[in-house]
Every structure is written in structure tokens, then in C-alpha cells.
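Shown next, in C-alpha cells, is the structure this report addresses.
The values are calculated or read from the model by the stated rules, or taken from the named source; none is laboratory data. These numbers were taken from a predicted model, which means no experiment stands behind them. Neighbour counts are summed over all protein chains in view; Cβ atoms, including those assigned to glycine, are modelled from backbone coordinates with ideal geometry. To get the accessible areas, we keep the full protein, side chains included, count just its heavy atoms, and leave off ligands, DNA and RNA. Shrake-Rupley method; radii C 1.70, N 1.55, O 1.52, S 1.80 Å.
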Amino acid sequence: MASIKDVAAEAGVSVATVSRVLNDHPSVSADARTRVLAAVEVLGYRRNAVARSLRTDQTHTLGLVISDVMNPYFTELARSVEEEARALGYSVIIGNADERPDLQDHHVRNLLDRRIDGLLVSPTDGGSPLMLGAARGGTPMVFVDRWIPGVDVPVVRADGLAAVRDLVAHLHGLGHRRLAIIAGPAATTTGQERVAAFRAALHAHGLALPDVYIGQGDFQAASGRRVTEGFLDLPEPPEVVFATDNLMALGALDAIRARGLRVPEDIALAAFDDIRWFVHTDPPITAIAQPTGELGRAAVRALVDRIEGRSPESVTLPARLVVRRSCGEPAEPSASPEPPPAQSPAVRSPVRRSQS
């Protein structure tokens, strides 16, 4: 294996010059940089990352702990994190918490033991002593999507409040009055926030949210099925089920179809967290879309800022309503199946629904 001395000899420069080129130091001439990079290519030189980390106290590695790798939202988030990190010269080690606080802590502990330079986390709950200790102990950290209130860590997230208001206004305009929600875990900030936003939006239209129309889910498909089955067993089932994540929406769709019911003729369905699959369901599902890719990229940039001693601000990006046909919207044969530009949806005429 070629050494840094071999590269220096091949390029006709000093070892110090090679080191400066490999570390992107600005005080190297263009000619020297070209010769060093050519020598690296010819010799197939690869830096010893372990030895380098011992000298610099940096590994150029980031840790990412996501809530559920099976959730397409978090899969896309992880992909954008990895792409941005690579562009900035970092590698990423990913841990899947599977919505379990104990597994989250397992991954956080292992990542800290690996001497990562910084940590991105979408917390499964707000009570992990390990994560709180790491944040307060100076580990560069950024929360993405979810956060822990009261912890001084930058948060990169989407604001879904306006999009939820748009959704409820859209449903009200379609003539729906009995709206139910499948909530996420109460221990998560997103679980709490989406229910509160839905309740407030209903109130603005003079509608109540009875307890029987609030189902407790866990951001997993099975809970979406279970909660929806309970809604369908009510003496007066809801006209709309709003699932606060995509997996619970798919579970709700399974439960509706298992009863031989149709969407939207018998019951309407809407979701938070748009995914590519939703345009391929029959009918395509009306959903709230988050700017997932940009969230991942912004989270990496904020974390690298912290690692390099800067003080990044929290970042909040807007979510938007994507209107399709799962809530009784009039068919538009000429419309593209792709999500429309972000804008407030037009109020549509009420549709006639069959009674369940």
C-alpha cells in the first residue's frame, strides 16, 4: 500500500505539501495540487482514517439515528443526509431505532463510542438520560423532524400547522363534518403537535373533535389498521380518517378495504407525510408533504457548523397540502399525477357520499 512519502516522491513535493493538499489547505499552488492529486491517483493512495483521527481528534464521521428505517419518510431523509454529508467530506453511520427508546439509546451509545464528530437524531421520546447527557455534555448534536423541548440543540423540522389548517379547510369545503384522527405517540413532539393542530383547525370551522374520533397510534401500519377498525365499529363512524403518518394511513386503507368499503365513497382518507406510493393507490391519497430532502441537507449543514465551532440557528421549513382524490375531490382527468406546486388548495364543491 502506498504511503504519503510515496505520494510526495511521485509528485516531487514535500510530505507537508501532500498533507496540505489532502486536507484542502488553501496555501498550496495550483500546480502542486495538480501533481499531488495525480500521484494519489497513480499510486492508489488511501488515507488511514484511523491514524488521521488520532492525530486530529476528528473521524469525519456523523451518526444518524432515525425513528424507523421502514418508514419511507425516514428512508428519504437518511438518503439526503448521506448525500449532503458526503459532499461536505463526511461519512454517515445510521442506526434504526424502530420507534423504540431502548434501541435509540443503544445506537446513540455505540455511535458515541465510535468517536463520531456529531450526531443527528429524530428522538423517539423526550426522556432519554443518555441523549440528554450527550447534548448537555457538549457532543455536537442536531435534532431533525422531532425534538426534545428544553434541550439547547438546533432543530431542523417542517412546520405542518398551516398545511393541517389547509387540509381541514379543504375537507370542510367538500362537505365533511365528522373528522377523526389517528395520532402518533404522545411522547413525540410530532405526535402532540399534529393532534393539537387538527383540533385547532376543526375549532376554527365550528367542529368538535370527540374523544371517540381520536385514535392512539404509534406511527406503524398495524396501529393504523387497529384504530380504523375501531372507528368503523362506532355507531356513527367518521366521514374522514386523517392518519398522522404514511404507514398508519396505509394501515387505515387496509382496514377500510377489509370491510368491503370504498375510499372515498364510504369513508375518506388523508395522511400526513406524502410518499411516492400515494399516487399509485386507488384512489391516489390526499396528503401533507414535507420537504424531506431539504430537511436532511439542512440538518447536515447545521451539524457541520456545530462541529466547526459555529452556532447554527434552528431551521423550520413549510409543509404543504397535496390534493388528490381520496377525500371525494372531483376527478380531473387532465391533471398530472405529480404533486401540484405548493399553494393553498381551492375550495371545491361538496360531493355526495354514501352512508356507512
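What to note about this one:
- On full extension, the segment bounded by Arg136 and Glu236 gains 31.0 nm, given 0.36 nm per residue less the C-alpha separation.
- Overall shape: oblate for the range 170-256, with the ratio a/c of the largest to smallest alpha carbon gyration tensor axis at 1.5 or above and b/c at least equal to a/b.
- Arg257-Asp152 FRET efficiency (beta carbon distance; Förster radius 56 Å; 0.05 resolution): 0.75
- Sites Ala222 and Glu308, calculated FRET efficiency, Cβ-Cβ separation with R0 45 Å, nearest 0.05: 0.55
- Gain on full stretching of the segment that runs from Asp211 to Gln58 - 0.36 nm per residue minus C-alpha separation: 49.9 nm
- Charge dipole (the range 81-189, unit charges on Cβ, about Cα centre) - positive-most of Pro101, Gly184, Ile148: Gly184
- Surface share of carbon and sulfur [accessible, 1.4 angstrom probe, percent] for the chain: 51 percent
- Accessible surface, the chain, averaged per residue in Å² (probe 1.4 Å): 47 Å²
- Judged by the gyration tensor of its Cα atoms, with axes a ≥ b ≥ c, the range 155-213 is oblate; a/c meets the 1.5 cut and b/c is at least as large as a/b.
- Counted charge near Leu317, where neighbours are those whose Cβ lies closer than 15 Å (Asp, Glu -1; Lys, Arg +1): -4
- Gain in span if fully extended, Leu317 to Asp282, counting 0.36 nm per residue against the direct Cα distance: 9.6 nm
- Taking a ≥ b ≥ c as the square roots of the eigenvalues of the Cα gyration tensor, the chain is prolate, since a/c reaches 1.5 or more and a/b is larger than b/c.
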